[in-house]
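The values are calculated or read from the model by the stated rules, or taken from the named source; none is laboratory data. All figures in this text were calculated on a predicted structure; none of them were measured in a lab. Cβ atoms come from the backbone with ideal geometry, glycine included; neighbour counts cover every protein chain shown.
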Amino acid sequence: MPYATTDDGVKLAYEEAGSGTPVVFVHEYAGDLRAWEPQMRHFARRYRCVAYNARGYPPSDVPATPASYSQNRAADDIAAILDHLGLAQAHIVGLSMGGFATLHFGFRHAARARSLVVAGCGYGADPARRADFRAEAEAVVAYIEANGMEQFAARYAVGPSRVQFQQKDPRGFAEFIQQLSEHSALGSINTQLGVQRERPGLYDLTAQMQAMTMPVLVVTGDEDWPCLAPGILMKQNIPTAALSVMPNCGHAINLEDPDSFNSIVGDFLAQVDSGRWPARDPRAIAKSTTGMRG
């Protein structure tokens, strides 16, 4: 498997398929590059597709301390993949933790984003629940330390926004659990402490969102409760954003309903590549409901 090297010397394993305009897939906390297989197979028919394992996810390097993990590093690691492949720009598609990394890539490396797909992004965003979210991150760490990855995977996989996947596709869900159980305990712990627990809340980032100019698609499942209001927040504040809500879906939307996810993302990429993706008309955000008052 090939590797890209980051500016702090961490090796990131990646895979490629197809040719054409590049699309980089950025995985969630409970996934790795294998979770993008339905997208790699579909989009590689017309794009150059790249999926990689984040730091902490073997065969990528697993830095020993949480200090080597952060939201900014997660965004910069996407740039490291582009640098290694000699790509000036790419479409970036991220889910959950990868969705946050994708959004922050748009903040930090705007010129290199042909477009952004920010999917399942919102956990820990609610300002009123920041302390709860940080406590949950620490609970995850404690559980992994006490029980190991196999037991953690079995428990984590049946959270409120993942049971939808279990109901629809038991075979795919079993594969998801198996792959999660194979992750590095140290990498999973350090990712929780350095990235998940410490990332800034979305409600504190509206100024950066309002400055974004690249095409953005926000995608969420309608039963992924922590991501619904943040999805609207991003739609309201990013002038070039559209919001797509997938019905009867939870968090792992690319695996739970890959056909719908691929269709939604594929239509978005086609509009961007044809130069047809719009910025929001300022008249659409008038304070008057009907436009009849000033």
Residue satisfying all of: in segment 81-136; at pLDDT 95 or above, in a helix (DSSP H, G or I) and in contact with a Lys or Arg (Cβ under 7 Å, 6 or more places away or on another chain); farthest from Gly20 (Cα to Cα) among these: Phe100
Considering segment 198-215 alone, what residues qualify as being surrounded by 19 or more Cβ atoms within 10 Å (Cβ to Cβ) and charged (D, E, K, R)? Arg199
Go through Gly94, Gly9 for me and flag whichever is surrounded by fewer than 16 Cβ atoms within 10 Å (Cβ to Cβ) and out of contact with any His (no Cβ under 7 Å at 6 or more places or on another chain). Gly9
Hey, can you tell me all the residues within segment 23-53 that are under 16 Å from the mean Cα position of the chain (by Cα) and in a loop (DSSP other than H, G, I, E, B)? His27, Glu28, Tyr29, Ala30, Gly31, Asp32, Asn53
Please enumerate the residues belonging to segment 214-250 that are assigned to a loop (DSSP other than H, G, I, E, B) and touching a residue at least 60 places away in the same chain (Cβ under 8 Å). Met214, Pro215, Glu223, Asp224, Asn248, Cys249, Gly250
Just checking, how many residues over segment 144-160 are in a helix (DSSP H, G or I) and surrounded by 15 or more Cβ atoms within 10 Å (Cβ to Cβ)? 5
Selected residue (criterion: nearest to Gly31 (Cα to Cα)) from residues of segment 251-278 that are without any contact (Cβ under 8 Å) to a residue 24 or more places away in the chain and surrounded by fewer than 16 Cβ atoms within 10 Å (Cβ to Cβ): Asp259
